[in-house]
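Undergrad: One structure, as structure tokens, below. Some questions next.
The values are calculated or read from the model by the stated rules, or taken from the named source; none is laboratory data. This structure is a prediction, so every number in the text was calculated from the model and none was measured. All Cβ positions, glycine included, derive from the backbone under ideal geometry; neighbour counts span all protein chains shown. The accessibility values were calculated without ligands, DNA or RNA, using every heavy atom of the protein model including side chains. Shrake-Rupley method; radii C 1.70, N 1.55, O 1.52, S 1.80 Å.
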Amino acid sequence: MKKIALTLTTIGLISSVYANSVINATKMTTDLSKITVDSKEWKSAKFTDIVLYPQTTIKMNDKNANTKNSDVKAKKAKVAVLVNDKDIAFLVKWADGTKSVQAGHNSSYADGFAIQFPENFSNPKELPYIGMGSEGRNVVIHLQKAVDAFYEPNGNQDVAHQVSRNNSPYFEKELQVFDAKVKAIASNDYQKAYVGAGFRSMTEIKDGSSKFSSDMQYGKKEWSGTLNRPLKDDYLDLTKNGSFPVAFAIWDGENSNRDGLKLLSTWVPIVIDTKNDTLKVVDTLTTPVKGDVKKGQELAMANCAACHAFKGTEGVTPSPYMAPNLSNIGGYSTADYLRESILNPQAALVPGYNRNAHKNFAWYNTDEKGNRTSTMPPFNWMQPQEVEDLVAFLQTLKAEVEK
Ligand code: HEC
């Protein structure tokens, strides 16, 4: 009797908290290249729940934004995917109590969403850094923001910065003329695609080689956003394998979200064809970790809390941003990313950080050639089971999900 009780307690401690969603695409024969939120094709689509967690890696340079985001909950979104021979289309729905649309001439922040693809996913254990890629591990990102109108001097949709009305050289009558001009040539859409290897290295794809379009609509306190793009173009080949990983991001304008201040999912497997190969991506991203959360917590307090802040390190870590803040790391990381971060920090560097948050401790050193070396020591001396225990614990670090 006693023996059974003991076994049960041990099992109770073993974590399998992590079970990632798998999104199965619905096969279509109709044209998907012009799909919008209203298209009837979505009626036959199946929706899968995913969760997006507040990205708490760095501290913003904006007190107001930091206060607004100090206790943000994770958000559920519903995602449906359609696929035909040529194209793939996504529909993402998420609740948002306030519609924030950026008007061309003020500096408000807009709601928006992004869908991110790794350029190379042949080894799903080594995916890019989730926050817009990392050196040597590029991502392709499609971004759509809710924008009313923005100043377009040439109508090419390539205006990176909004023109501030207050900074315009026009007054009174001239200002009215200016406004009319903005209205006439403004695009009411803000959709872009980038190749990213980290926060500050986003290169916009605007050579026309990537054909895509996105759409965003608000109703009943909910946003719906679509993206359609070819399965294959110069930047991405999603046909290679029956499955590939995708990550989703959402910006909430009401909370002053922009750039790295957003909600982010982990890499989620999308299945478009049930080939043998499919299993590689799906298995890698969904296999539960067999680790002891409690032991992992002890290991983390002993080995990681000198640099990283997470639940339980209050008063231990010198600064909440001494190193990337791990408060939500379990929400937007794969198990393999966590293993790799522990054993070989150099493999995928967290690309950018806010120097103001911890002036005495650099996250990486840069040599004359611009090569960066992580300042995190590798913990490759740990026993494999200890690493699993740590990973199981790190996976529990994430915000509560909004009801
Ligand atoms: C000496 C300080 C230091 C220690 C100790 C340390 N780290 Fe780090 N860690 C860093 C720095 C700096 C980075 C950012 C640079 C990089 O990506 O390697 C980082 C990055 C990470 C990341 C990636 C974070 C992200 O947002 O993607 C994870 C995960 C991580 N560390 C886990 C750990 C774990 C687990 C331990 C303990 C076993 C640990 N670290 C110990 C400094 C440290």
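Undergrad: Which residue pairs have Cβ atoms closer than 9 Å, lie 6 or more positions apart in sequence or on different chains, and pair a first residue in segment 239-259 that is surrounded by fewer than 20 Cβ atoms within 10 Å (Cβ to Cβ) with a second residue that is at pLDDT 85 or above and of a type in the set (Phe, Trp, Tyr)?
TA: Hits for this filter: Lys240/Phe121; Arg258/Trp251; Asp259/Trp251.
Undergrad: Taking the stated definitions as given, is Lys295 farther than 23 Å from Val350 by Cβ and away from the ligand (no atom under 15 Å from the Cβ)?
TA: It is false that Lys295 is farther than 23 Å from Val350 by Cβ and away from the ligand (no atom under 15 Å from the Cβ).
Undergrad: Working only within segment 204-236, note down all residues that are at pLDDT 90 or above, assigned to a strand (DSSP E or B) and open to solvent by 30 Å² or more (accessible area, probe 1.4 Å).
TA: Gln217, Tyr218, Gly219, Glu222, Lys232, listed by residue number.
Undergrad: Right, here's the next one. Please go through segment 269-292 and pick out each residue that is among the hydroxyl-bearing types (Ser, Thr, Tyr) and within 16 Å of the ligand (Cβ to nearest atom).
TA: none
Undergrad: Determine which single condition Met322 fails, assuming it passes every other condition in (1) open to solvent by 30 Å² or more (accessible area, probe 1.4 Å); (2) more than 23 Å from Ser70 (Cα to Cα); (3) near the ligand (Cβ under 8 Å from one of its atoms).
TA: (2)
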